[in-house]
Amino acid sequence: MSNSTAGDELILEGIVTTLNADGSPNISPMGPRVDREVTWLVLRPFRTSQTYQNLRRLNEGVFHVTDDVELIARAAIGQLSDVANLLPARGVQGVMLVDACRWFAFRVVELDDTQERTTIHCSVVATGTNRDFFGFNRAKHAVIEAAILATRIGILPAKQINAEMERLAVPVEKTAGEQERRAFKLLREYIARSATADS
Ligand SMILES: Cc1cc2nc3c(=O)[nH]c(=O)nc-3n(C[C@H](O)[C@H](O)[C@H](O)COP(=O)(O)O)c2cc1C
């Protein structure tokens, strides 16, 4: 696999679905490094993550790009698997998120798990588009940042997370629609609950 396209590589935030050992879906937000055409991706999940365990066992999954930040927020706090609208994946064993804009079925070509944070090179074997991408919006970006913060509870200081959430509330307030507002509220409540559980 070639791992560069004229040096134009970047991180693309999205959602990875993989299959657990019992056949149930695992749905996790992940930001792989990709080439601009998304013909390959490099995932860097921790060895403790379910995504890593599943990819080591099955070698296949589906990466999704979406403008639906509520999907990303729910996946970040483990509240998507039970309610997600799923179809069988094409090209690999797995599932596709119907509410995503684009999907990329991938196969692992190289897996390095010598470090706690693994490096998994994958080749895209099938791809498709479910619907158009809505476009940029400051609230959508804010929800993605908030979702990342929610996955870093216990890693980042609570004070820092709360300060960031306050800052992110401003673009949400100014530019959100109902989906973004719901997603941000969900994350805010999850973060607040975790703070209470810690104290
Ligand atoms: C937008 C977004 C991108 C993320 N990207 C990564 C990533 O590239 N690598 C990683 O290890 N975790 C990433 N995370 C955090 C994981 O989603 C989180 O650790 C999750 O609990 C892993 O789930 P799993 O155990 O089901 O694989 C990201 C979270 C969000 C919200």
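How many residues are at positive phi and crowded, with 23+ Cβ neighbours inside 10 Å when one looks only at the range 28-60? Working first, answer last.
Pass one, the range 28-60, residues at positive phi: 38, 59.
Restricting the remaining residues to those that are crowded, with 23+ Cβ neighbours inside 10 Å gives none.
Residues meeting the conditions: 0.
Would you tally the residues in the range 60-78 being out of contact with any helix residue (DSSP H, G or I) (no Cβ under 6 Å at 6 or more places or on another chain) and under 19 Å from Val172 (Cβ atoms)?
So the count comes out to 6.
How about the range 92-101: which of its residues are without any contact (Cβ under 8 Å) to a residue 60 or more places away in the chain and either of a type in the set (D, E, K, R) or under 14 Å from Leu19 (Cα atoms) (or both)?
We begin by selecting, within the range 92-101, every residue without any contact (Cβ under 8 Å) to a residue 60 or more places away in the chain; these are 92, 98-99, 101.
Val92, Asp99 - these are the residues of the range 92-101 that are without any contact (Cβ under 8 Å) to a residue 60 or more places away in the chain and either of a type in the set (D, E, K, R) or under 14 Å from Leu19 (Cα atoms) (or both).
Only one of these conditions is not met by Leu111: (1) closer than 27 Å to Leu58 by Cβ; (2) in contact (Cβ under 8 Å) with a residue 60 or more places away in the chain. Which number is it?
(2)
Of the residues Ala163, Ala142, Ala158, which single one is among the small types (Gly, Ala, Ser), closer than 26 Å to Val65 by Cβ and away from the ligand (no atom under 11 Å from the Cβ)? First the steps, then the outcome.
Details: Ala163 fails: closer than 26 Å to Val65 by Cβ; Ala158 fails: closer than 26 Å to Val65 by Cβ.
Sole residue among the options that is among the small types (Gly, Ala, Ser), closer than 26 Å to Val65 by Cβ and away from the ligand (no atom under 11 Å from the Cβ): Ala142.
Taking the range 6-47 on its own, how many of its residues are assigned to a strand (DSSP E or B), in contact (Cβ under 8 Å) with a residue 60 or more places away in the chain and away from the ligand (no atom under 13 Å from the Cβ)?
Adding up the residues that qualify gives 1.
What do you reckon, is Ala84 small (Gly, Ala, Ser), more than 8 Å from the ligand (Cβ to nearest atom) and surrounded by 15 or more Cβ atoms within 10 Å (Cβ to Cβ)? Quick ask: steps written out before the conclusion?
Values: small (Gly, Ala, Ser): yes; more than 8 Å from the ligand (Cβ to nearest atom): yes; surrounded by 15 or more Cβ atoms within 10 Å (Cβ to Cβ): yes.
Taking the combined requirement at face value, the residue satisfies it.
Only helices (runs of 4 or more DSSP H) wholly contained in the range 127-199 count here; list those with 1 or more residues that are touching a Lys or Arg at 6+ places or on another chain (Cβ under 8 Å), crowded, with 17+ Cβ neighbours inside 10 Å and of a type in the set (D, E, K, R).
Working: elements: 138-150, 158-175, 178-198.
In the range 127-199, 178-198 are the helices (runs of 4 or more DSSP H) which contain 1 or more residues that are touching a Lys or Arg at 6+ places or on another chain (Cβ under 8 Å), crowded, with 17+ Cβ neighbours inside 10 Å and of a type in the set (D, E, K, R).
Can you give me the number of residues within the range 61-81 that are in a strand (DSSP E or B) and either polar (S, T, N, Q) or surrounded by fewer than 21 Cβ atoms within 10 Å (Cβ to Cβ) (or both)?
1
I need a count of the residues in the range 48-79 that are closer than 16 Å to Val143 by Cβ and near the ligand (Cβ under 10 Å from one of its atoms).
Counting residues in the range 48-79 that are closer than 16 Å to Val143 by Cβ and near the ligand (Cβ under 10 Å from one of its atoms) gives 6.
Checking Asn137 against (1) farther than 16 Å from Val69 by Cα; (2) in contact with a Ser or Thr (Cβ under 6 Å, 6 or more places away or on another chain); (3) not hydrophobic (A, V, I, L, M, F, W, C), only one condition comes out false. Which one?
Of everything listed in (1) farther than 16 Å from Val69 by Cα; (2) in contact with a Ser or Thr (Cβ under 6 Å, 6 or more places away or on another chain); (3) not hydrophobic (A, V, I, L, M, F, W, C), Asn137 misses just condition (1).
Read-outs throughout are calculated quantities, based only on the coordinates presented, and are distinct from any laboratory measurement. Computed from a prediction, not measured in an experiment: that's the story for all the values here. Positions of Cβ are backbone-derived with ideal geometry, glycine not excepted, and every protein chain shown enters the neighbour counts.
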